[in-house]
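The values are calculated or read from the model by the stated rules, or taken from the named source; none is laboratory data. Note that the structure is a prediction, hence the values are computed from the model and not measured. Here Cβ is always computed from backbone atoms with ideal geometry, including for glycine, and neighbour counts include all displayed protein chains.
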Amino acid sequence: MKDLLLVVDMQNVYLKNQKWACLDTEGCAERIVSLIKSKRFDDVVFTKFIADPQASGVWADYNKKYADVNASDFANAMVSGLDEVISEYPVYQKSVYSSLAVPEVLEKCRNADRVFVAGVVAECCVLSTVLNLIDLGIYTVYVKDCISGLDRPKEEATELILSGLSPLHVLVCTSGSLPGDV
């Protein structure tokens, strides 16, 4: 069984007191580091959102609205809590919600038996990525204590949506109750 940990957009802009602060980005970073250090995964991949300056349509509007975030090196940098592990793995840039828009990430996911998903934002980039994985028929594990959303109701709504697809298409669990080999 080949397991991949896909870590979505763990960037500073999602830290406490930042513009797009999520509930527990710092705690998620700690739990993600623990998962990686456990050596349980055959591969680990990180993505980060970087605005496309040539975006069109709604993405052009989005980039204009959030130009201050897009221009900030600090906001776009990966959370420092990941420093001890991130240098060992690739970090791929994306300019849309789903991490599978990156060809290298898509290939790694297709080559895995299961993809375990962690990161931010639960109700946006993480959800889009998970739904793409499901559509591709890739067995997906949503590691909910390693995922943070903008607020509790949105996090819970995301889990509720995914519970309708569970356990066949996606398994929702915590880092302490990861499934073993099947």
Among the candidates A75, A122, A118, A67, single out the residue that is more than 30 Å from M1 (Cβ to Cβ), of a type outside the set (D, E) and in contact with a helix residue (DSSP H, G or I) (Cβ under 8 Å, 6 or more places away or on another chain).
A75
State yes or no: is D43 of a type in the set (D, E, K, R) and in contact with a Leu (Cβ under 7 Å, 6 or more places away or on another chain)?
yes
So is I138 surrounded by fewer than 19 Cβ atoms within 10 Å (Cβ to Cβ), on the phi < 0 side of the Ramachandran plot and among the β-branched types (V, I, T) or not?
no
Identify all residues within the range 86-102 that are under 16 Å from the mean Cα position of the chain (by Cα) and of a type outside the set (S, T, N, Q); write none if there are none.
I86, Y89, P90, V91, Y92, K94, V96, Y97, L100, A101, V102
Go through the range 109-122 and give me each residue that's outside any strand (DSSP E or B) and in contact (Cβ under 8 Å) with a residue 60 or more places away in the chain.
C109, N111, A112, D113, V121, A122
E88 meets each of (1) among the acidic types (D, E); (2) in a loop (DSSP other than H, G, I, E, B); (3) farther than 25 Å from L15 by Cα with one exception, condition (3)
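Residue-wise test of (1) part of a loop (DSSP other than H, G, I, E, B); (2) in contact with a Lys or Arg (Cβ under 8 Å, 6 or more places away or on another chain); (3) touching a residue at least 40 places away in the same chain (Cβ under 8 Å); (4) under 29 Å from A55 (Cβ atoms).
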| position | (1), (2), (3), (4) |
| --- | --- |
| Y92 | no, yes, yes, yes |
| E107 | no, no, no, yes |
| C124 | no, no, no, yes |
| L131 | no, no, no, yes |
| I134 | no, no, no, yes |
| G137 | yes, no, no, no |
| T140 | no, yes, no, yes |
| I147 | no, no, yes, yes |
| L160 | no, no, no, no |
Restricting the range 82-107 to residues that are over 17 Å from A118 (Cα atoms) and of a type in the set (S, T, N, Q), the residue that is surrounded by the most Cβ atoms within 10 Å (Cβ to Cβ)
S95
Report every pair of residues separated by at least 6 positions or lying on different chains whose Cβ atoms are under 9 Å apart, first residue within the range 35-46 and under 10 Å from V7 (Cβ atoms), second at pLDDT 95 or above and acidic (D, E).
I36/E88; V44/E88; V45/E104; F46/D9
Residue match in the range 1-14 (condition: at pLDDT below 95 and of a type outside the set (K, R))
yes
Among the numbered criteria (1) touching a strand residue (DSSP E or B) at 6+ places or on another chain (Cβ under 8 Å); (2) buried (at least 23 other Cβ atoms within 10 Å of the Cβ), which single criterion is violated by A29?
(1)
